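Here it is, the structure, as C-alpha cells.
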Amino acid sequence: MALLEVKDLEVYYGMIQAIKGVSFKVNEGEVVALIGANGAGKTTILHTVTRLLEAKRGSVVFDGKDITKTPAHKIVSMGMAHVPEGRRVFANLSVLQNLKMGAYTRKDKNEIEETLKNIYKRFPRLEERQNQLAGTLSGGEQQMLAMGRALMSHPRIILMDEPFGAVDPLNRANLQNEFLKIQKQLKKTVIFVTHDIDEAMKMGDKIAIMSKGILRNFASPEDTLLSDDEFVKSFLGSETYIKILSRFRVKEHMRPQNGADIPYHADCEANLRDVLAQMIEYGTDSMHVTEKGKITGTILLSDILNLFQKGRKGE
Ligand code: ATP
C-alpha cells in the first residue's frame, strides 16, 4: 500500500485553477523530486497535501486514511512534517531550542535524544552552534536547521519546498548527501520541490514534472530520461542523453581486466558521465578500473557510447 496517495486533485485560488486533476502514489521510503517551471503548481501540491489549502475535488490519502478534510493542526501528529520555502526558523530561539520545538509531539525523552544525536552527527555545524540564536545562522545553516527540526518530529513523510535553494553549490552537495544518508538510515519518505534537474535526478527515486497544474511525468529517473513524451524530452533539454550516464557506475559496466598498458585509471564507484568526460579530455578509448587502488577491470569508451546511443533511441 502506498504511504501517500493523491487522487484527481483539483485546487483553485478563487477562479484560477492551479491544479488540474493530479494523481500519484508515493511508497514508504521513497524520495520524490517535484520539478517544474515557476507557477506550475508545485507549492500548491505540497500545501494541499499538508492541508494548508483546500482541494475543490479529489482526495489525499495518507497511510490508508483519507485526510482531505483533516484539520491542518492534526497533520503533524499524524506523521507529516512540512519544511516550507525560505528558512523558517524561530530566529530568537537557539539552534537547540528550535530542534526541540520540532519534537513537541513526541514523548519519549530517550528517543528524542537519539534523534538529536543523529541529526548532530549528520549536521555537525548545528551541534557546534547549538546555543547560537537561529536568526544569526547563515542561509544554508538555517536551511539545515529547518530540515533538522522537521526530522525531530519523527515524521513518516517530509515535504520540503526548495530545501537546497539558498545553499551555495559546495555546501549544497554536502547537504544533499547528508540528507540522503539520514533519509536512507531512517527510511523516511520525502517529497521535495526543486528547480534543479540534476538535483532531482540525484536525489529522487521518482521524478514528478508539473506544468501548468498538470502532472506530466511521474517515473524513476531512468524512465524519465528515456521517456518518449515530447514535453518531458523538451523539459529535460538537449543534455538528456548525457545525463543518463551519470546514473551508472563504472563497476556496473566494466569488462575484465584486459592486460593492456593503459596509463589512465577510473575509480569503480565513479559515474559514467564523469568517466566519459575524462576519456574525451585524455583522448583515450579505455581506462583501467580501480577499487581501493587495485586494478579490477577495464572500462571501454565504446561501451559507454553504446549505452548513450541506447538512451538516445529510448531502448
Ligand atoms: P514556483 O516555482 O514559482 O514557486 P510553483 O510551481 O510552486 O511555482 P505555485 O506557487 O503552486 O507554483 O502556483 C501555482 C499557480 O497558482 C500559479 O499560477 C500562481 O500564480 C497561482 N497562485 C499561487 N498562490 C496563489 C494565491 N495565493 N492566489 C492566487 N493565485 C495563486
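Each row is one residue, and each column tells you yes or no for (1) out of contact with any Asp or Glu (no Cβ under 7 Å at 6 or more places or on another chain); (2) in contact (Cβ under 8 Å) with a residue 12 or more places away in the chain; (3) in the same structural domain as Lys20 (by TED's automatic domain parsing); (4) not basic (Lys, Arg).
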{"position": "Leu46", "(1), (2), (3), (4)": "no, yes, yes, yes"}
{"position": "Ser59", "(1), (2), (3), (4)": "no, yes, yes, yes"}
{"position": "Gly64", "(1), (2), (3), (4)": "yes, yes, yes, yes"}
{"position": "Lys69", "(1), (2), (3), (4)": "yes, no, yes, no"}
{"position": "Met78", "(1), (2), (3), (4)": "yes, yes, yes, yes"}
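Filtering the stretch 235-249 down to residues that are farther than 15 Å from Asp196 by Cα and in a helix (DSSP H, G or I), which residue is nearest to the chain's Cα centre (by Cα)?
Across the stretch 235-249, the extreme among qualifying residues is Ile244.
In the stretch 1-106, which strands (runs of 3 or more DSSP E) lie fully inside it and hold 3 or more residues that are among the aliphatic types (A, V, I, L, M) and within 16 Å of the ligand (Cβ to nearest atom)?
Working: elements: 4-13, 16-26, 31-36, 57-62, 80-83.
In the stretch 1-106, 4-13, 16-26, 31-36 are the strands (runs of 3 or more DSSP E) which contain 3 or more residues that are among the aliphatic types (A, V, I, L, M) and within 16 Å of the ligand (Cβ to nearest atom).
Additional query: Can you report the number of residues in the stretch 91-111 which are of a type in the set (Val, Ile, Thr) and surrounded by fewer than 19 Cβ atoms within 10 Å (Cβ to Cβ)?
Selection size over the stretch 91-111: 1.
Scanning the stretch 118-155 for residues that are in contact with a strand residue (DSSP E or B) (Cβ under 6 Å, 6 or more places away or on another chain) and closer than 21 Å to Lys107 by Cβ, which turns out farthest from the ligand (Cβ to nearest atom)?
Looking at the filtered set, the residue picked out is Ser153.
Shifting gears a bit: Of the residues Arg273, Arg247, Arg255, which is at pLDDT below 90, outside the structural domain of Ala33 (by TED's automatic domain parsing), basic (Lys, Arg) and in contact with a Ser or Thr (Cβ under 6 Å, 6 or more places away or on another chain)? Walk me through how you get there before you give the answer.
Working: Arg247 fails: in contact with a Ser or Thr (Cβ under 6 Å, 6 or more places away or on another chain); Arg255 fails: at pLDDT below 90.
From the options Arg273, Arg247, Arg255, the qualifying one is Arg273.
Which one of Glu222, Glu252 is part of a helix (DSSP H, G or I), exposed (fewer than 14 other Cβ atoms within 10 Å of the Cβ) and free of Cβ contacts under 8 Å to residues at least 60 places away in the same chain?
Working: Glu222 fails: exposed (fewer than 14 other Cβ atoms within 10 Å of the Cβ).
Criteria check complete, one pass: Glu252.
The values are calculated or read from the model by the stated rules, or taken from the named source; none is laboratory data. Bear in mind the structure is a predicted one, so any value in this text is a computation, not a measurement. Glycine gets a Cβ as well: all are built from the backbone with ideal geometry, and neighbour counts include every protein chain shown.
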